[in-house]
Amino acid sequence: MSRLKIVIVIVFMIFGLQSVSAQLYKFQTTGFSVMEKDAKGKWGKWSKLQKAEIVVTLDTDKNRLLVYSQEIQLYKILKYREKEENDNDIVHAFDCQDENGEEFTISIITRKKQSNRKQLYINQKNVIIVYNVVTVP
């Protein structure tokens, strides 16, 4: 009987440690801006920064990024790119796919010379959305 208890405890410990290894990052947006391509395929100007309080989660265990806007945006992460760093920025980029199968890049950029301000860029074919974000504990 005591062996059974030990096995059960070990099994729970193993499952508990696996859930600890899962990485879930939460962000809160503070504002967003949009840039779109015109009919000729040229990029326009950034829209005026709009206030926005939206939750964003990056779930590396499930390889997805969710933006909980009025219409939930679900992006599947296909590939994690190598971290890039220079004097100004730290860039974590992901090759992603939306629900329609379109592939594009999402980047989380930390602006070193701006008090480590974080921005989330969703770079789709005809539109780029940038969110100013803060990490939520």
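The values are calculated or read from the model by the stated rules, or taken from the named source; none is laboratory data. In this text, all values refer to a predicted model and were calculated from it rather than measured experimentally. Neighbour counts run over all protein chains shown; Cβ positions are idealised from the backbone, glycine included.
Descriptive notes on the structure:
- F94 in a strand (DSSP E or B), surrounded by 15 or more Cβ atoms within 10 Å (Cβ to Cβ), aromatic (F, W, Y) and in contact (Cβ under 8 Å) with a residue 40 or more places away in the chain: no
- Scan the range 106-123 for residues that are within 14 Å of the chain's Cα centre (by Cα) and either in contact (Cβ under 8 Å) with a residue 24 or more places away in the chain or part of a loop (DSSP other than H, G, I, E, B) (or both) and the total you get is 5.
- Candidates in the range 61-72 are the residues that are over 11 Å from the mean Cα position of the chain (by Cα) and not small (G, A, S); of these, the one that is farthest from T105 (Cα to Cα) is Q70.
- Failed condition for G31, given (1) touching a helix residue (DSSP H, G or I) at 6+ places or on another chain (Cβ under 9 Å); (2) assigned to a strand (DSSP E or B); (3) not hydrophobic (A, V, I, L, M, F, W, C): (1)
Okay, residues lined up against (1) at pLDDT 95 or above; (2) closer than 22 Å to T110 by Cβ; (3) surrounded by 14 or more Cβ atoms within 10 Å (Cβ to Cβ); (4) of a type in the set (A, V, I, L, M):
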position	(1), (2), (3), (4)
L58	yes, yes, yes, yes
I77	yes, yes, yes, yes
E82	yes, yes, no, no
E85	yes, yes, no, no
D89	yes, yes, yes, no
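- Residue within the range 35-43 that is surrounded by 12 or more Cβ atoms within 10 Å (Cβ to Cβ), part of a loop (DSSP other than H, G, I, E, B) and at negative phi present: no
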